[in-house]
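To start, the structure itself, in structure tokens.
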Amino acid sequence: MNDEEYKKILKKFHKLSDRHILAVETDMPYSDVLRVVALSDKIRKAGNELVGLMRKNYDQLLRTKRYRKLLKLYGDTEDKNKRKALAKQLSEMQISYNITWDYCRKSMIPIGKKYGIDAVFALTKAEDIWRGIEKCLYGDGGVIHFSKYGDLPCIRAKQINRGIPMSVKDNRLQFRISKNICGIQINDRFQQDEVDAVLSYLANSEMIDDKAAYTFAEDAYCIDTYRPCYATFVPKLIRGKYRLYLHLTIEGKAKPKYDKHGNPRHKYGNGMIGADIGTQTVAYTSDAEVGLKNLSERGDSIQASEKKERLLYRAMDRSRKATNPQNYNDDGTIKKGRKTWKYSNHYKRLKAKHSELCRINAVNRQLAINEDANHLRSLGDTFVTEPKNASRLMKRTKETTVNSKGKINKKKRFGKSIKNRCPSGFQSAVERKFKATGGTYIEVPNDYRASQYDHTADDYIKKKLSDRLYKLLDGTEVQRDWYSSFLLYCYDFRTGDIDKDKCNAEFERCYSKEKALITWIKANKIRILNSGIKVT
């Protein structure tokens, strides 16, 4: 192949190949870290200025009756040619109201100069804002939000040789931002393996690129090159002190992890796994075991931390009301309109404690999610579950209902549970894990209705949401979440429906495991949320 064909193939390879991120802490002195934090705050302010400009244009576009009518027609029309004509009209209106990527990019140039930000950082921030605008235009986004004071956006340069250039000195990676140069702290074997792979690519970049291009051209396969794509600085406030982390985006799949004895850290199983993911719990059935556990939980500390988080927030609310009585109505609600707030030192200390506790809880949730995803991957290679619905469950009910005592029921639903347990985050992590390790991830169609089917009656029987333990037609009592996972375990690949023969063949074996599981939960006095299992 000639040079032009080679460049096209290599460009296509870079576009289609896998990527992963190596997150490590830098060894930058604290005085330089504060300068990076100041730069991050400048990027936040510049981004807010651009958000205000784009948001104003977007609001003006939404006010026009013609645009709203076109949107409705586009959603109601199924004919492809008509949809294409309507999409063209929508696009023309967006251009006339300056809601385009070109306008967003050009508007960021003077804003970036005003705040003294490097052009590559300003462009990257503009790209992030435009993605938010696109979500509002074409997705399920409602409005693009400003970044509040204290939020520290990452400092990213989408080119490895600009903004945050990388170099090698004494067989170590170095990164520069402005006049500050720093290295990275390597704390474990995985990080060392990743860095060694990057150094190997930098030493033989032309040879590895040639191999990647020829393999892609002949076999249509992407090899792992470990080419460093770009670097990102991520400042974080931890225990009242700023720390700077580097996120290095690398081409290819991540290196496998090993324990201290040199054995693979994670095992990959074979077989089917059916999982019912609720708002606070996950129930699963596999060839090896069945399970029912709370989501995002590592021991009992998470529930205590969640309670402490709520108490701190209530204390902050009391302090804020005491120092700003002019901003509240007699019934305790906040007055409408622009207000000036004063915060006492007591409030600031409470806010610092609350922020730190929220950070710790978020880290623990993420660790728990990763541990559960790795455990499920060790049980099988085919994961079957229902589609994600957490975002719909978070919405408040529209209908106003009255209970038996004549009081109006609350319209809140599962927002707090979803915030604390992250069911969608868990499901996304499982999907990534299975797809990245050669497994299969399947979401059944909405008419599968695993929670309503009874295999002993061969019929769909509607049940109340409050019925956590119920009896099948033959009198067998099952836990609802587990039984749903069992029916997902009995998924038929050919029809995309429940395999009734597998249900009859596998039920007794799996049911005996479920009874043993419930006995173990009761014996160890484990509180499974919304399970119906009473622990004395």
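The values are calculated or read from the model by the stated rules, or taken from the named source; none is laboratory data. All values derive from a computational prediction rather than experimental measurement. FYI the Cβ positions are ideal-geometry reconstructions off the backbone, even for glycines, and counts take in every protein chain you see.
Data for the structure
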item: Pairs where the first residue, in the range 203-221, is more than 15 Å from L16 (Cβ to Cβ) and the second is modelled with pLDDT of 90 or more, C-beta under 6 Å, 6+ apart; result: I208/Y201; I208/T225
item: Residue tally, condition among the charged types (D, E, K, R) and not assigned by TED's automatic domain parsing to the domain that holds D381, over the range 256-293; result: 5
item: Complete set of residues in the range 115-129 that are part of a helix (DSSP H, G or I) and closer than 12 Å to G47 by Cα; result: Y115, F121, A122, L123, T124, K125, A126, E127, D128, I129
item: In the range 323-381, residue farthest from the chain's Cα centre (by Cα) [restricted to those that are within 24 Å of A429 (Cβ to Cβ) and among the basic types (K, R)]; result: R377
item: Pairs where the first residue, in the range 3-31, is assigned to a loop (DSSP other than H, G, I, E, B) and the second is surrounded by 11 or more Cβ atoms within 10 Å (Cβ to Cβ) and among the basic types (K, R), C-beta under 9 Å, 6+ apart; result: S17/R227; D18/K253
item: Within the range 161-177, considering residues that are outside any strand (DSSP E or B) and touching a Lys or Arg at 6+ places or on another chain (Cβ under 9 Å), the one farthest from A203 (Cα to Cα); result: G163
item: The range 385-407 residues that are assigned to a strand (DSSP E or B), paired with ones that are exposed (fewer than 10 other Cβ atoms within 10 Å of the Cβ) (beta carbon under 6 Å, 6 or more apart); result: V402/I408
item: Some residue of the range 146-159 being in a strand (DSSP E or B) and either touching a Lys or Arg at 6+ places or on another chain (Cβ under 8 Å) or farther than 17 Å from L50 by Cα (or both); result: yes
item: Count of the range 51-97 residues which are among the aliphatic types (A, V, I, L, M) and within 24 Å of A126 (Cα to Cα); result: 8
item: Those residues of the range 60-105 which are part of a helix (DSSP H, G or I) and of a type in the set (F, W, Y), in sequence order; result: Y67, Y74, W101, Y103
item: Where a residue in the range 455-483 is under 19 Å from K515 (Cβ atoms) and its partner, wherever it lies, is of a type in the set (G, A, S) and part of a strand (DSSP E or B), with Cβ under 9 Å and at least six apart; result: Q479/A283; R480/A283; D481/A283; W482/A283; W482/G291; Y483/A283
item: Test: residue in the range 185-193 that is in a loop (DSSP other than H, G, I, E, B), outside the structural domain of M54 (by TED's automatic domain parsing) and at positive phi; result: no
item: Filter result for Y347 (part of a helix (DSSP H, G or I), at negative phi, surrounded by 12 or more Cβ atoms within 10 Å (Cβ to Cβ) and of a type outside the set (G, A, S)); result: yes
item: Condition check for G132: assigned by TED's automatic domain parsing to the domain that holds L62 and under 19 Å from the mean Cα position of the chain (by Cα); result: yes
item: Yes/no for D210 being surrounded by fewer than 14 Cβ atoms within 10 Å (Cβ to Cβ) and either within 16 Å of T124 (Cβ to Cβ) or under 29 Å from the mean Cα position of the chain (by Cα) (or both); result: no
item: Among the residues listed as K416, K435, K407, K464, the single one being within 27 Å of the chain's Cα centre (by Cα) and at pLDDT below 85; result: K416
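Okay, residues lined up against (1) over 30 Å from K255 (Cβ atoms); (2) of a type in the set (V, I, T); (3) more than 28 Å from the chain's Cα centre (by Cα); (4) surrounded by 16 or more Cβ atoms within 10 Å (Cβ to Cβ):
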| residue | (1), (2), (3), (4) |
| --- | --- |
| K12 | no, no, no, no |
| D41 | yes, no, no, yes |
| G47 | yes, no, no, yes |
| K56 | yes, no, yes, no |
| L62 | yes, no, yes, no |
| R66 | yes, no, yes, no |
| K82 | yes, no, yes, no |
| Y97 | yes, no, yes, yes |
| W101 | yes, no, no, no |
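Matching residues to (1) buried (at least 21 other Cβ atoms within 10 Å of the Cβ); (2) outside the structural domain of A46 (by TED's automatic domain parsing); (3) touching a residue at least 24 places away in the same chain (Cβ under 8 Å); (4) of a type outside the set (A, V, I, L, M):
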| position | (1), (2), (3), (4) |
| --- | --- |
| I111 | no, no, yes, no |
| I117 | yes, no, yes, no |
| L137 | no, no, yes, no |
| G141 | no, no, no, yes |
| P165 | no, yes, no, yes |
